[in-house]
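> Input: one structure, supplied below.
The values are calculated or read from the model by the stated rules, or taken from the named source; none is laboratory data. Please read these numbers as outputs of a predicted model, since none were measured by experiment. Every residue, glycine as well, gets a Cβ built from its backbone with ideal geometry; the counts of neighbours run over all protein chains shown.
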Amino acid sequence: MIPAPFDYVRPDSLAEACQALAADEEAKVLAGGQSLMPLLRLRLAYPSRLVDIGRLPELKGVHDRGDHVFIGAMATHDEVMRSHVVNADCPLIALATATVADPAIRHRGTFGGSLAHADPAGDLPAVVLALEGVFVTRSEQGEREIPAAEFFVDYLESALRTAEVLVGVKIPKLGPGWGFHYEKFRRTAQAWAIVGVAAAVRRANGSIAEARIGLSNMGPTPVRAHAAEAGLRDAELGDQVRQACEQAAADTSPSSDLHAQADYRRHLARVLTHRAVRAAAGSP
Amino acid sequence: MPRITVTVDGVKYEEDVEPRLLLVHLLRERLGRTGTPVGCDTSNCGACTIMLDGKSAKSCSVLAVQADGCDILTIEGLSEGGRMHPMQRAFHEEHALQCGYCTPGMVMAAIDLLREDPDPSEETIRHGLEGNLCRCTGYCNIVRAVRRGAQEMGQAVNTP
Ligand SMILES: Cc1cc2nc3c(=O)[nH]c(=O)nc-3n(C[C@H](O)[C@H](O)[C@H](O)COP(=O)(O)OP(=O)(O)OC[C@H]3O[C@@H](n4cnc5c(N)ncnc54)[C@H](O)[C@@H]3O)c2cc1C
Ligand code: FES
Ligand code: FES
């Protein structure tokens with residue numbers, strides 16, 4: 001279908017973008033458009049104005065900032081998964097991004113767009129949650145930093161205020177000794193995760209010293225598997241790890257839909273967490 | 001109405017466009033490039049795939065205004081001097097189409113995946129075509145055609 005009419009502005013600077021958003025309550029940010037365009041075409045969204053942030057230099061690129069990597073909101077999925085900095089210092093993001101959609105969508109869809117969209121079925125929210133990223137935003141009121149644990153508020157709802165732009169995300173570097181894996185279960189190629197598990201594991205002397213686990217599509221927001229993480233602290237590879245992973249679905253509230261019932265999602269969370277943790281620990 | 005400039009298949013156009021006009025509709029309805037079809041409303045099927053500044057994109061998921069200043073290549077810009085592009089020929093020869101609706105997008109996605117890997121394995125081809133759905137062929141002949149097209153393009157490069 002053809003989208004309903006809207007105005008379009010393409011500001012030259014971030015400050016102008018914030019102004020253009022503040023001037024119209026019904027305005028929406030347009031990044032890569034890979035989530036927004038289907039919503040407009042199906043007439044599920046009726047913004048009065050789109051503010052195209054696609055050419056703002058402040059939002060571009062992936063930057064090595066010493067103790068963290070700064071990924072600009074407009075870095076495309078394709079750029080992120082190929083970035084040397086990402087592959088060296090936060091490879092979990094590259095692994096998960098390579099599973100997002102398909103090549104043509106990855107050429108245009110952006111890192112910031114996937115996070116701002118706050119779809120719990122998206123792959124990157126759970127990853128950024130596990131890596132404890134910090135969201136950097138800008139509005140006419142100034143800059144804010146929002147920890148990942150506070151960013152995802154509800155289904156398709158983030159802590160971004162109206163007229164606030166996500167500038168990028170700081171991903172702390174985890175240093176040596178950490179292993180990573182993203183395990184995604186889907187029915188067909190190019191599909192969203194029925195459940196996805198992002199695991200970061202620090203290994204020491206044949207056991208797991210600590211683990212961080214983010215779950216995709218196990219509730220209205222991405223969640224950390226806190227109970228499994230607690231069980232994995234100083235767990236020996238083998239039975240102890242398996243038992244800890246049995247807790248992966250604790251305190252989650254997955255939905256039932258066409259693809260899976262909630263109890264099947266809980267089952268998947270346990271199985272996929274075990275796989276992801278073993279792979280991240282480098283254990284077959 | 002915003003005025004945009006785009007180059008399509010080597011020809012430069014200046015157009016006044018409504019912001020909501022999709023790139024695929026600009027191509028089809030204003031510029032007569034009906035070789036690029038629309039197959040869905042959800043960005044899933046890939047029938048509308050074109051090259052936008054050298055990289056594959058789904059032209060149903062881009063606004064015409066977003067393409068301002070860009071270089072666009074459609075299926076209709078592939079042939080040279082009346083001769084089909086080697087990838088088009090390979091699709092023809094390997095019977096990689098039945099109704100043909102997905103073919104323009106498949107050919108563009110196939111050419112895109114060769115930018116990365118000029119000699120792709122079957123698996124690389126299947127991953128590279130993830131965003132393109134065919135309702136007819138079952139993909140086997142498409143994969144064969146892409147291998148053949150890749151080989152012929154490689155030879156075209158090696159023998160000047
Ligand atoms: C067929 C298909 C399959 C897909 N499969 C997957 C998948 O398997 N996994 C997955 O994770 N994703 C998937 N996606 C979604 C894809 O990752 C999108 O690229 C992404 O969700 C949105 O990024 P975008 O830049 O295109 O954002 P847009 O579509 O431009 O914007 C999305 C939303 O975020 C807001 N927004 C965007 N950027 C900012 C910003 N910087 N500041 C404030 N607000 C902002 C917009 O206003 C809008 O509400 C799929 C999409 C399609 C069409
Ligand atoms: S028409 Fe289906 S992806 Fe563009
Ligand atoms: S040949 Fe009919 S859809 Fe592919």
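> Could you list all residues from the range B:29-53 that are more than 18 Å from B:Ile111 (Cα to Cα) and in contact with a strand residue (DSSP E or B) (Cβ under 8 Å, 6 or more places away or on another chain)?
If the condition is that a residue be more than 18 Å from B:Ile111 (Cα to Cα) and in contact with a strand residue (DSSP E or B) (Cβ under 8 Å, 6 or more places away or on another chain), then B:Arg30, B:Leu31, B:Arg33, B:Ser43 are the ones that fit.
> Of all residues in the range A:177-209, which are within 16 Å of ligand 1 (Cβ to nearest atom) and either among the polar types (S, T, N, Q) or buried (at least 24 other Cβ atoms within 10 Å of the Cβ) (or both)?
A:Tyr182, A:Glu183, A:Thr188, A:Gln190, A:Ala193, A:Val195, A:Gly196, A:Val197, A:Ala198
> Let me ask you something else. Surrounded by fewer than 19 Cβ atoms within 10 Å (Cβ to Cβ) and without any contact (Cβ under 8 Å) to a residue 24 or more places away in the chain - does that describe any residue in the range A:166-176?
Within the range A:166-176, one or more residues are surrounded by fewer than 19 Cβ atoms within 10 Å (Cβ to Cβ) and without any contact (Cβ under 8 Å) to a residue 24 or more places away in the chain.
> Filter the range B:10-56 down to the residues that are surrounded by 18 or more Cβ atoms within 10 Å (Cβ to Cβ), in contact (Cβ under 8 Å) with a residue 40 or more places away in the chain and on the phi > 0 side of the Ramachandran plot and list them by number.
B:Gly46, the sole residue that qualifies.
> Being more than 6 Å from ligand 2 (Cβ to nearest atom) and facing another protein chain (nearest Cβ under 9 Å): is that true of B:Leu22 here?
Taking the combined requirement at face value, the residue satisfies it.
> Keeping to the range B:29-49, report how many residues are under 14 Å from the mean Cα position of the chain (by Cα), closer than 15 Å to B:Leu73 by Cα and either more than 9 Å from chain A (Cβ to nearest Cβ) or at pLDDT below 95 (or both).
Result for the range B:29-49: 7.
> Considering the range B:112-157 alone, what residues qualify as being among the hydroxyl-bearing types (Ser, Thr, Tyr) and within 15 Å of ligand 3 (Cβ to nearest atom)?
Selection gives B:Thr137, B:Tyr139.
Quick grid of which residues meet (1) within 16 Å of ligand 1 (Cβ to nearest atom); (2) modelled with pLDDT of 95 or more; (3) outside the structural domain of B:Asn44 (by TED's automatic domain parsing); (4) surrounded by fewer than 13 Cβ atoms within 10 Å (Cβ to Cβ):
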| position | (1), (2), (3), (4) |
| --- | --- |
| B:Glu94 | no, yes, yes, no |
| B:Met108 | no, yes, yes, no |
| B:Asp112 | no, yes, yes, no |
| B:Gly131 | yes, yes, yes, no |
| B:Arg148 | no, yes, yes, no |
| B:Gly154 | no, no, yes, no |
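> Only one of B:Ile72, B:Ile4 is surrounded by 22 or more Cβ atoms within 10 Å (Cβ to Cβ), at pLDDT 95 or above and in contact with a strand residue (DSSP E or B) (Cβ under 7 Å, 6 or more places away or on another chain). Can you tell me which?
Of the residues listed, the single one that is surrounded by 22 or more Cβ atoms within 10 Å (Cβ to Cβ), at pLDDT 95 or above and in contact with a strand residue (DSSP E or B) (Cβ under 7 Å, 6 or more places away or on another chain) is B:Ile72.
> Next up: Test A:His107 against the stated conditions and say whether it is within 16 Å of ligand 2 (Cβ to nearest atom) and either crowded, with 19+ Cβ neighbours inside 10 Å or more than 14 Å from chain B (Cβ to nearest Cβ) (or both).
Yes; evaluated as a whole, the condition is true for this residue.
> Residues that are more than 16 Å from ligand 1 (Cβ to nearest atom) and within 25 Å of A:Tyr46 (Cβ to Cβ): does the range B:35-45 have at least one?
No, every residue in the range B:35-45 fails to be more than 16 Å from ligand 1 (Cβ to nearest atom) and within 25 Å of A:Tyr46 (Cβ to Cβ).
> Now a separate question. A:Ile2 passes all but one of (1) within 13 Å of chain B (Cβ to nearest Cβ); (2) surrounded by fewer than 16 Cβ atoms within 10 Å (Cβ to Cβ); (3) free of Cβ contacts under 8 Å to residues at least 24 places away in the same chain; which number fails?
With respect to (1) within 13 Å of chain B (Cβ to nearest Cβ); (2) surrounded by fewer than 16 Cβ atoms within 10 Å (Cβ to Cβ); (3) free of Cβ contacts under 8 Å to residues at least 24 places away in the same chain, A:Ile2 is out only on (3).
> Using beta carbons and a limit of 6 Å, which pairs, at least six apart or on different chains, have the first residue in the range B:121-149 and without any contact (Cβ under 8 Å) to a residue 12 or more places away in the chain and the second one not small (Gly, Ala, Ser)?
Correct list of pairs: B:Thr124/B:Asp117; B:Glu130/A:Asp102; B:Glu130/A:Gln190.
> Right, next: Report, by residue number, each residue of the range B:50-70 that is of a type outside the set (Val, Ile, Thr) and either more than 14 Å from chain A (Cβ to nearest Cβ) or within 13 Å of ligand 1 (Cβ to nearest atom) (or both).
Answer for the range B:50-70, where residues must be of a type outside the set (Val, Ile, Thr) and either more than 14 Å from chain A (Cβ to nearest Cβ) or within 13 Å of ligand 1 (Cβ to nearest atom) (or both): B:Ala57, B:Lys58, B:Cys60, B:Ser61, B:Leu63, B:Gln66.
> Here is a list of conditions, (1) surrounded by fewer than 23 Cβ atoms within 10 Å (Cβ to Cβ); (2) modelled with pLDDT of 95 or more, and B:Cys60 meets all of them except one; can you say which number that is?
(1)
> Out of all the residues in the range A:75-86, is one or more within 14 Å of chain B (Cβ to nearest Cβ) and more than 29 Å from A:Tyr155 (Cβ to Cβ)?
yes
> Tally time: how many residues in the range A:22-34 are away from ligand 2 (no atom under 13 Å from the Cβ), in contact (Cβ under 8 Å) with a residue 60 or more places away in the chain and under 19 Å from the mean Cα position of the chain (by Cα)?
The total comes to 3.
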